[in-house]
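The values are calculated or read from the model by the stated rules, or taken from the named source; none is laboratory data. On a predicted model such as this, the values are computed, not experimentally measured, just so you know. Counting neighbours? That spans all protein chains shown, and the Cβs are built from the backbone with ideal geometry, glycine included.
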Amino acid sequence: MYTVDMQSRTPVFEQIILQTEEFVRAGILRPGDKLPSIRELTGMIGVNPNTIAKAYAELDRRGITVSVTGKGCFIANNISEIMKSAAQKRIPEFEKLAKELIDSGIDKSELIERIKSIK
């Protein structure tokens with residue numbers, strides 16, 4: 001399920017966070033699903049348990065997961081709202097990129113068609 005690229009410039013803990021978010025978007029992880037324990041994930045991907053603990057703590061901080069002492073880390077029940085809110089915060093970044101593309105000569109209609117074709 002999880003994989004890490006040790007050659008990547010993205011820190012391993014961030015790779016775990018990004019993969020968890022992608023698994024939620026793809027429907028692989030759903031509200032209430034339990035993440036692998038730190039020990040299990042350490043065995044699967046072979047990284048320091050502290051790195052995984054750091055990723056899990058950040059997932060908790062972002063509200064993506066909820067940790068239950070003695071039971072584990074679970075995908076938040078309101079994950080859809082959390083992911084939507086996080087995505088909405090990125091709209092200005094999207095608008096900036098769209099403006100750069102248009103200013104570089106890409107036609108607005110081409111951008112709109114590309115957006116419509118995304119599934």
If the Cβ limit is 6 Å and pairs must be 6+ apart or interchain, which residue in the range 18-30 that is without any contact (Cβ under 8 Å) to a residue 60 or more places away in the chain pairs with which residue that is assigned to a loop (DSSP other than H, G, I, E, B) and surrounded by 12 or more Cβ atoms within 10 Å (Cβ to Cβ)?
-> 19/2; 23/29
Of the residues in the range 1-57 that are aromatic (Phe, Trp, Tyr) and within 21 Å of residue 81 (Cα to Cα), the one that is surrounded by the fewest Cβ atoms within 10 Å (Cβ to Cβ) is 23
Of the numbered conditions (1) touching a strand residue (DSSP E or B) at 6+ places or on another chain (Cβ under 6 Å); (2) modelled with pLDDT of 95 or more, residue 58 satisfies every one except a single condition; which is it?
-> (1)
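In this structure, does residue 11 turn out to be farther than 29 Å from residue 111 by Cβ, at pLDDT 95 or above and not small (Gly, Ala, Ser)?
On the way: farther than 29 Å from residue 111 by Cβ: yes; at pLDDT 95 or above: yes; not small (Gly, Ala, Ser): yes.
Answer is yes for this residue.
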For residue 118, the lone unmet condition from (1) more than 16 Å from the chain's Cα centre (by Cα); (2) touching a residue at least 60 places away in the same chain (Cβ under 8 Å) is (2)
Residue 74 passes all but one of (1) farther than 30 Å from residue 114 by Cβ; (2) touching a residue at least 40 places away in the same chain (Cβ under 8 Å); (3) surrounded by fewer than 16 Cβ atoms within 10 Å (Cβ to Cβ); which number fails?
-> (3)
